[in-house]
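Student: Quick one: the structure is below, questions incoming.
The values are calculated or read from the model by the stated rules, or taken from the named source; none is laboratory data. Nothing here was measured: the structure is a model prediction, and the numbers come from that model. Note that we place each Cβ from the backbone using ideal geometry, even for glycine, and neighbour counts take in every protein chain shown.
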Amino acid sequence: MAPQHLSAPPRTSPRVPDGTPHSGVIHANTRHTTRYTVVGNHLAQHRELSLLAIGLAVHIQSLPAGSRVGIKALAERFPESEARIAAALRELEAYGYLNRSRERLSSGRVVTRTVSCNQPGAGRPAPTRPRRKSPAPPAPQTPAPAPAPAPPRPEPPSEPEPEAEAEAAGQHPAAVELLAALRRHEPRLLLAERDVHRLAPAVAVWLDRGADPEAVRRTLTANIPEPLHHPASLLAHRLAVLLPPPLPA
């Protein structure tokens, strides 16, 4: 009996479509029909935003209206700290993807309104050209009565600052002092008091991880771009992206 040859020719691998790159990412895409969010490449491939800020923007855009997107709510949802999330939110504000404002309700309570913009600047209405009106006949000249004096306008009630900003000076005095003194080394890093209080928790994280205050100052003041339009946003970006790891035990 003749011996059997059990070896079979190998299966041919699926043909790779023409134009497929030989290196780098290859996309295996499936069209979504439910539960998806459209995100522009201007956000997904933003050249200045940190990876945390881009991911946070995508998450916020995917949520239904009315969802809680405060710092504490996001810190409960994700493993990042409140300081890093706060810095990422400030990045999104600086580039127009997020708008947070304080409003006083009729009950007197002050709330924060958060507006997420999936394409900054696209929602502004285009200016319209006013129509020309035919000249009206001149009205008879009659002396106008003297206007009554306007009553004095009451001073608007001052809105309280967010709790995190109000407590920053007391909880992180070293961080507040470091931020306020940056202008001595780089005059363009003149920060408003509100920005100092907002950035203080992020600086405190650096100090808690063993970073020397002088090293933090050099990191924040080195290679400042020209021109500098938003110093607080630049510092928030560096504090979030360049955060050192904790010291080993």
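Student: Going through region 70-118 one residue at a time, which ones are in contact with an Asp or Glu (Cβ under 7 Å, 6 or more places away or on another chain), among the β-branched types (V, I, T) and under 17 Å from L52 (Cβ atoms)?
Tutor: The answer is I71, and nothing else.
Student: Shifting gears a bit: State all residues of region 51-73 that are under 14 Å from L98 (Cβ atoms) and part of a loop (DSSP other than H, G, I, E, B); if no residue qualifies, say none.
Tutor: Residues satisfying the conditions are L63, S67, V69, G70.
Student: I want to confirm something. Restricting to region 33-88 and keeping residues that are in contact with a strand residue (DSSP E or B) (Cβ under 6 Å, 6 or more places away or on another chain) and modelled with pLDDT of 90 or more, which single residue is surrounded by the fewest Cβ atoms within 10 Å (Cβ to Cβ)?
Tutor: Ranking the candidates gives Q61 first.
Student: H22 fails exactly one of the following numbered conditions: (1) over 30 Å from A175 (Cα atoms); (2) in contact with a His (Cβ under 7 Å, 6 or more places away or on another chain). What is the number of that condition?
Tutor: (2)
Student: Any residue at all in region 155-171 that's surrounded by 10 or more Cβ atoms within 10 Å (Cβ to Cβ), assigned by TED's automatic domain parsing to the domain that holds H229 and at pLDDT 60 or above?
Tutor: Yes, because at least one residue in region 155-171 is surrounded by 10 or more Cβ atoms within 10 Å (Cβ to Cβ), assigned by TED's automatic domain parsing to the domain that holds H229 and at pLDDT 60 or above.
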